[in-house]
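Okay, structure first, notes after.
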Amino acid sequence: MAEQAHKRQRCRMASNKESLTMRQTNRLVLLAGTAAVIGAGSTALAAQEQAWSGASADEVRAIVSEMMADAETRSSLLQSGGTAGHDGKNFFLGSADGNFRLDVSGQIQFRYMANFRDDGDGDNDGVGNDDFESGFQTRRTKLEFGGHVHDPNLFYKIVGAFDRDGGSFDLEDAFVGYRWDNGFSFRWGQFKLPFMREELVSSKYQLAVDRSNLNEVFNQDRSQGIELAYEAEAWRIAGAFSDGFASDNSEFASGKTIGANGFFTGGESDYAGTARFEFKFAGDWAQFKDFTSPSGSDFAFMMGVAGHIEGGDSGAFGPPGGDNYNFYSVTVDASLEGDGWNLFGAFVWATTDYSNAVPDGLGGFDDLDTDNYGFVVQGGIMLPNTDWELFGRYSVIFPDDDINDDDTFSVVTFGTNYYMHGHAAKFTADVEWYIDSTEANALGQPNNPGVGALGDDDENEIVLRLQFQLLF
C-alpha cells in the first residue's frame, strides 16, 4: 500500500512539472509574439513619423482631409446600394432610388447567302455576272445604350452599328425624351419617323431574315427632328416635325438629293411633317412589338394609317441646291395575331413633284411628277408543340410610267424560324424568289447585297438566306 501511494505521488509531481513547463513555454511564445508585434508597430510608426516629420503642417492637413473625404465617399456608396445585373432583356446599372439607370444591349445577325441567277449582261452596271454567288455576311452588329437620368420619365437612347462592308461604326439612333404619366411623351434627336409599320418594327423582331423589298424602297428610315406622341388604352398617335425621310447624320444646310425614280438619296428638306395613328381592336400593345405570335397567345388586332409631306430645294439628278420639290406619301396597314399564328398587310403610295427636272428638247427643262405604289402581305404559323415557325410573304411594286424601267416588280419569300430562346437566340432560313427581272424596275433595288439581291436582266433570280441572331 505504501509503495502504491508513493508511485501515485511521483506521477502527480511529474504531471505538475510537465504542466508547469508547458505554461512557461506558452508564456515565452506569447511574450515573443507581443514583442514582435510591438516592434513591427514601432518600426511602422517610426517610419510614418519620419515621413510626416518632413511634411509641412499644410501638407499634413491636406492628407488628413483627403483621407476623411475618401472615407465619407466609401460610406456613402455603401449606404446608397446601387443595383446591377440582367433583367431578362438588358444588362443594366442603376441607382438604389431608381432615378438613374443605364441599359446596355446588343444585336448580332450573321448570315450565309447563296444567289442563283442567269449568266448574261448582269446588273445595271453592264458588267457580266456569274450564275452563282455565295458567302457569309455579318448583316447587323449593333450596340445599344438607353435608360433614364435624374427622373425615370427623362429617358435617352443611343444606338450604333458596325458597317458590314468595312466595319466603320455609324450612328443610328440618338435621342432624349420625357414621358408624362398621362400618356403623353416627347422626344428630340435622331430616330425613325412614325410612318411604315414594317420599318418601325425592329430588325430584331422581323418574321423573315429581312424586311420586304417594298419596305426597302418606300421606308422612312431615320431623321433628325422632334416628335410628340400620345398612347391610350385602345389607340395611339404620333406626330413629328423633321428634316424629312432618310436624312440621318446630315448637316442642316445640306439640300435634298432626289434620284430619277423620285426617291431620296440624302440631304435635308426645308420642312417635313409625319403623323401616324393606330387603333387596337383587341390584344395588348406589347403584342405588336414584333410580327410573330407564340402558341397560347391571345387574339390581337390593330390597324394603322400614316402620312408624310416634305419639300424644299433639291438637287434632282445632281448636287444639292437645285429646284424645288414636294413629296407626299401615305400608308395603311393591318396586323392580326392569335394562338400561334400571325398575319400582316400594308399598302403604301408615294408621289414626288419637282420642277425643271428633265430636258424638254428645246433647251429647257420640264417638271416631272412620279407616282409609285405597292403592297405587302405576310403570315406565319407555329408548328404545334414545337419552337418552329413557318412563314410566307409576297410584295409587289408598281412604278410610275414616266420613269425608266417601269415594269411591275414582285418578290415571293418563304421560310422557317427556330426560336431557341425567343428572339434572343433565333435561327431563320428563307428563300427569296424575284419573279420579275430586277433590271426592269428602277424601284426594285437590283443591287442590294444586304438582302441578297445582286441584279439580273432575266427573271427568276433566287436567293437562299440562312441567319442566326443573338441578342444580349
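The values are calculated or read from the model by the stated rules, or taken from the named source; none is laboratory data. What you see is a predicted model; the values in this text were computed from it and never measured. Cβ coordinates were reconstructed from backbone atoms using ideal geometry, including for glycine residues, and neighbour counts include every protein chain displayed.
Structure data summary
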quantity: Candidate set from the stretch 195-234 (those that are touching a His at 6+ places or on another chain (Cβ under 8 Å) and in a helix (DSSP H, G or I)); member that is surrounded by the fewest Cβ atoms within 10 Å (Cβ to Cβ); calculated: Tyr205
quantity: Filter result (within 13 Å of Ser223 (Cα to Cα) and in contact with a strand residue (DSSP E or B) (Cβ under 7 Å, 6 or more places away or on another chain)) within the stretch 240-254; calculated: Ala240, Phe241, Ser242, Asp243, Gly244, Phe245, Ala246, Ser247, Asp248, Asn249, Ser250, Phe252
quantity: Condition met for Phe375 (of a type outside the set (D, E, K, R), in contact with a Ser or Thr (Cβ under 8 Å, 6 or more places away or on another chain), free of Cβ contacts under 8 Å to residues at least 40 places away in the same chain and within 26 Å of Tyr325 (Cβ to Cβ)); calculated: no
quantity: Segments classed as strands (runs of 3 or more DSSP E), wholly inside the stretch 255-373, with at least 3 members that are at pLDDT 90 or above and touching a strand residue (DSSP E or B) at 6+ places or on another chain (Cβ under 6 Å); calculated: 271-282, 300-313, 324-337, 341-359
quantity: In the stretch 161-182, the residues that are touching a residue at least 24 places away in the same chain (Cβ under 8 Å) and under 12 Å from the mean Cα position of the chain (by Cα); calculated: Phe162, Leu171, Glu172, Asp173
quantity: Asp400 vs. criteria part of a loop (DSSP other than H, G, I, E, B), closer than 29 Å to Glu133 by Cβ and either in contact with an Asp or Glu (Cβ under 6 Å, 6 or more places away or on another chain) or free of Cβ contacts under 8 Å to residues at least 24 places away in the same chain (or both); calculated: no
quantity: Check on Gly135, of a type outside the set (A, V, I, L, M), exposed (fewer than 15 other Cβ atoms within 10 Å of the Cβ) and not in a strand (DSSP E or B); calculated: no
